[in-house]
Amino acid sequence: MTSEHDITLARTTDALAIAELSRDAIEYGLTWRWTVRRVMRCIHDADTNVVVMRRGGTGVPAFAIMQYGEQEAHVSLLAVHPGHRRQGLASALLTWLEATARVAGCTAIHLEVRITNPGAMAFYRRHGFGETGVSVGYYEGVEDAVRMVKPLSVSADAA
Ligand SMILES: CC(C)(COP(=O)(O)OP(=O)(O)OC[C@H]1O[C@@H](n2cnc3c(N)ncnc32)[C@H](O)[C@@H]1OP(=O)(O)O)[C@@H](O)C(=O)NCCC(=O)NCCS
């Protein structure tokens, strides 16, 4: 059972595990761009949340990175370790990010998914995201991205 209490902001000591999960689960076949150094920068960036799921101690079974703009938020990365999938971890992280984006006054969350990743598209559709288009060659010119967005209603609590 996953609860929101398992979700915390990432620490710098999580950066290696996050970068490696990104490389293996998201960036496979592409240049490894979300390196430890880049993840570290995000952890220290005031306009970015790097969140991790913790399950009893060490390890990072799941993480997400979201950037906040003036009006809209952007999910850059979200991944769950293969051994922990279909247990609601990504759903819990996305719910946390959505709640935070609403409180921040964001009106929508945007993201891109590799066009060869129907599982991720199904996951985001399940969470109310819709497809808005395709960015041809978005991934190093070798793979297209499907752009997806979820409009948000601003939380009454944030007023
Ligand atoms: C996509 C991903 C983040 C989903 O994580 P998860 O923790 O397994 O997702 P959840 O358990 O919260 O899934 C919730 C629902 O989403 C849908 N879903 C999740 N993964 C799915 C898949 N591979 N195929 C179809 N539907 C899927 C299902 O409706 C699922 O509910 P169910 O298990 O009751 O059927 C995970 O498979 C992953 O890390 N993939 C590799 C990285 C990636 O693609 N990241 C997203 C793009 S950056």
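Summed over the stretch 71-95, residues that are open to solvent by 50 Å² or more (accessible area, probe 1.4 Å), more than 12 Å from the ligand (Cβ to nearest atom) and out of contact with any Gly (no Cβ under 9 Å at 6 or more places or on another chain) total 1. Scanning the stretch 28-60 for residues that are buried (at least 19 other Cβ atoms within 10 Å of the Cβ) and either under 13 Å from the mean Cα position of the chain (by Cα) or of a type in the set (D, E, K, R) (or both) yields a count of 8. In the set (1) surrounded by fewer than 15 Cβ atoms within 10 Å (Cβ to Cβ); (2) within 12 Å of the ligand (Cβ to nearest atom); (3) without any contact (Cβ under 8 Å) to a residue 40 or more places away in the chain, the condition left unmet by A64 is number (1). Being near the ligand (Cβ under 9 Å from one of its atoms) and farther than 22 Å from F129 by Cα is not true of H44.
Each residue in the stretch 3-27 was checked for being modelled with pLDDT under 95, in a helix (DSSP H, G or I) and open to solvent by less than 50 Å² (accessible area, probe 1.4 Å), and 1 pass. Does the stretch 132-150 contain any residue that is surrounded by fewer than 10 Cβ atoms within 10 Å (Cβ to Cβ) and either under 17 Å from the mean Cα position of the chain (by Cα) or at pLDDT below 95 (or both)? Within the stretch 132-150, none of the residues are surrounded by fewer than 10 Cβ atoms within 10 Å (Cβ to Cβ) and either under 17 Å from the mean Cα position of the chain (by Cα) or at pLDDT below 95 (or both).
The values are calculated or read from the model by the stated rules, or taken from the named source; none is laboratory data. A quick note: this is a predicted structure, and the numbers were derived from the prediction, not measured. Neighbour counts run over all protein chains shown; Cβ positions are idealised from the backbone, glycine included. Quick note on the areas: whole protein, heavy atoms, side chains included, nothing else; ligands and nucleic acids left out. Shrake-Rupley method; radii C 1.70, N 1.55, O 1.52, S 1.80 Å.
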